[in-house]
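The values are calculated or read from the model by the stated rules, or taken from the named source; none is laboratory data. As the structure is a prediction and not an experimental result, all values here were calculated from the model. Positions of Cβ are generated from backbone atoms using ideal geometry, with glycine treated the same way; all protein chains shown enter the neighbour counts. Accessible surface is based on the protein model in full, side chains and every heavy atom, while ligands, DNA and RNA are left aside. Shrake-Rupley method; radii C 1.70, N 1.55, O 1.52, S 1.80 Å.
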Amino acid sequence: MEVLLKFFGGTANSVTCKCMVLFVTVLILRLLLFPSFPSFDGIEWTNIVYIRNNHPPLLGSEFGIRKNKFLEVPQIVWGLNNQKIAFARACLTARMLNRTLLMPSLSASLFYKEIDLLKPISFDKVFQFNAFNTICSGFVQLGQYSDVLNVTKVLEMQKGSGRKWTLERDLSQLREHSQGSIDDHEVIRIVGKNPFLWHDHWPVKDYAKVFECLHLVDKISEEADRVVSRIREVGREARESINASESSSFRPMPYVAVHMRIEIDWMIHCKKLEQRLNTNQICSSREEIMERVRNIAGLKAPVVVYLAVADKLLNDSSILEHWGEGILPFEKKKLGVDGIYKKYPYLIQSAIDYEVCLRADIFVGNSFSTFSSLIVLERTQKMMKIGATSMCGNDARWPSYAYNIPSGEESNGPMKWNTNMSDSSLQAISYGTNHISC
């Protein structure tokens with residue numbers, strides 16, 4: 001005690017100093033003996049961060065995410081990119097509640113109406129679990145079910161639905177579940193509809209942070225490497241056949257990736273959407289897509305065009321015809337890589353195609369497709385990360401285009417496309433738009 005008194009500059013006879021020393025001593029003993037005991041101020045010391053329970057943070061604690069409180073969500077379903085959006089929304093919901101998200105199940109198969117036929121696949125069979133937590137550390141956190149101490153201490157939270165379940169009511173429910181006795185539960189389990197259908201309370205930049213943490217497991221990433229290598233090999237062979245000097249070049253050969261949506265079910269859907277939205281800039285015919293890709297400004301021929309198409313179109317030879325001189329169209333079957341895809345369920349096939357399109361030198365897609373929209377978001381983010389000053393110019397590092405929207409120039413090329421990273425929600429990406437930032 002005398003040492004502490006000297007530290008505070010007092011004497012043993014000072015009543016004030018004695019009180020201060022006693023207070024500090026009690027604090028030290030409390031931290032050593034009762035690390036998780038709540039103090040007078042309502043501050044709870046956990047194994048990670050301290051949380052002021054009387055004023056729960058709306059968007060997660062600035063000090064990190066609690067690892068002893070969890071959020072459980074329903075199985076994530078539908079297409080790959082619907083699942084990625086649903087997963088990110090679940091992560092951001094957990095962040096709002098300042099909880100760790102228990103690793104959800106994704107869906108390997110694609111059944112829109114027959115939920116019981118959706119084949120579950122663990123998140124860590126597709127994306128790297130540890131890499132996610134490392135990159136997203138302090139922003140969002142994934143946990144394992146084995147981390148839960150008391151599996152019976154679960155509170156079920158029913159997500160509302162219908163028109164009466166407004167954005168405000170949803171936000172109020174989340175706030176209620178982030179404080180008081182409700183927050184004492186170790187696990188909150190959300191039941192009800194797919195997270196993709198939950199109300200959206202977060203800006204695009206928050207979703208982008210989550211997407212940036214998603215890295216495919218090595219096995220899937222290596223399969224994408226093989227497909228990209230084959231595309232570049234075909235391009236190199238084409239260049240060499242025209243100019244022998246190209247054979248000594250080891251530069252990666254550029255390629256264009258086109259997400260070609262022309263299958264019958266898509267055309268039916270997009271025609272109805274055009275009628276509802278009173279627009280003619282959603283559907284594109286095969287001929288229209290070909291013409292707009294040919295008319296991309298500065299496109300140097302010969303160039304390989306990889307067509308990311310639905311499997312049902314692989315036997316339709318017409319999609320490879322009439323592209324024009326110097327445009328070399330290939331889909332997975334013509335490339336000879338369809339065997340890579342056939343080894344895997346739908347979700348993994350889609351993940352490989354997504355990666356192939358993401359890495360393309362030029363990407364062309366449909367602005368009403370979630371697949372295309374998320375690729376453009378990631379490409380936009382990549383350019384921002386390297387400090388690109390020309391995001392929409394002809395010298396953009398990873399240019400993207402929307403073939404369903406004409407450029408407005410005489411060439412009739414596709415409209416240049418970047419994601420508006422300042423949007424207050426993911427509405428435009430989730431459901432499509434013809435208002436694109438370039």
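Among the residues here, Leu155 does not qualify as part of a loop (DSSP other than H, G, I, E, B), aliphatic (A, V, I, L, M) and either assigned by the TED database to the domain that holds Ala90 or under 22 Å from Ile65 (Cα atoms) (or both). Just to be sure before I move on: is Asn150 crowded, with 17+ Cβ neighbours inside 10 Å and among the polar types (S, T, N, Q) in the structure I sent? So Asn150 fails the test.
Table: residues versus (1) open to solvent by 10 Å² or more (accessible area, probe 1.4 Å); (2) not charged (D, E, K, R).
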residue: Ala310; (1), (2): yes, yes
residue: Leu313; (1), (2): yes, yes
residue: Ser318; (1), (2): yes, yes
residue: Gly324; (1), (2): yes, yes
residue: Glu331; (1), (2): no, no
residue: Gly336; (1), (2): yes, yes
residue: Val356; (1), (2): no, yes
residue: Arg359; (1), (2): yes, no
residue: Ile362; (1), (2): yes, yes
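Of all the criteria given as (1) in contact with an Asp or Glu (Cβ under 7 Å, 6 or more places away or on another chain); (2) farther than 30 Å from Gln427 by Cβ; (3) not polar (S, T, N, Q), the one not satisfied by His199 is (2).
If you go through segment 297-307 one residue at a time, do you hit one that is assigned by the TED database to the domain that holds Ile362 and open to solvent by 80 Å² or more (accessible area, probe 1.4 Å)? Yes, that holds for at least one residue.
Between Val191, Val187, Val258, Val210, the distinction of being among the β-branched types (Val, Ile, Thr), more than 22 Å from Gln349 (Cβ to Cβ), open to solvent by less than 50 Å² (accessible area, probe 1.4 Å) and in contact with a Cys (Cβ under 9 Å, 6 or more places away or on another chain) belongs to Val210 only. Restricting attention to segment 213-242, the residues that are open to solvent by 70 Å² or more (accessible area, probe 1.4 Å), part of a loop (DSSP other than H, G, I, E, B) and either modelled with pLDDT under 90 or in contact with a Cys (Cβ under 8 Å, 6 or more places away or on another chain) (or both) total 0.
In the same structural domain as Gln75 (by the TED database), surrounded by fewer than 16 Cβ atoms within 10 Å (Cβ to Cβ) and in a loop (DSSP other than H, G, I, E, B) - does that describe any residue in segment 127-141? Yes, because at least one residue in segment 127-141 is in the same structural domain as Gln75 (by the TED database), surrounded by fewer than 16 Cβ atoms within 10 Å (Cβ to Cβ) and in a loop (DSSP other than H, G, I, E, B).
Hey, could you check segment 261-296 for residues that are assigned to a helix (DSSP H, G or I) and β-branched (Val, Ile, Thr) and say which is surrounded by the most Cβ atoms within 10 Å (Cβ to Cβ)?
Step by step, filter segment 261-296, then rank; the result is Val293.
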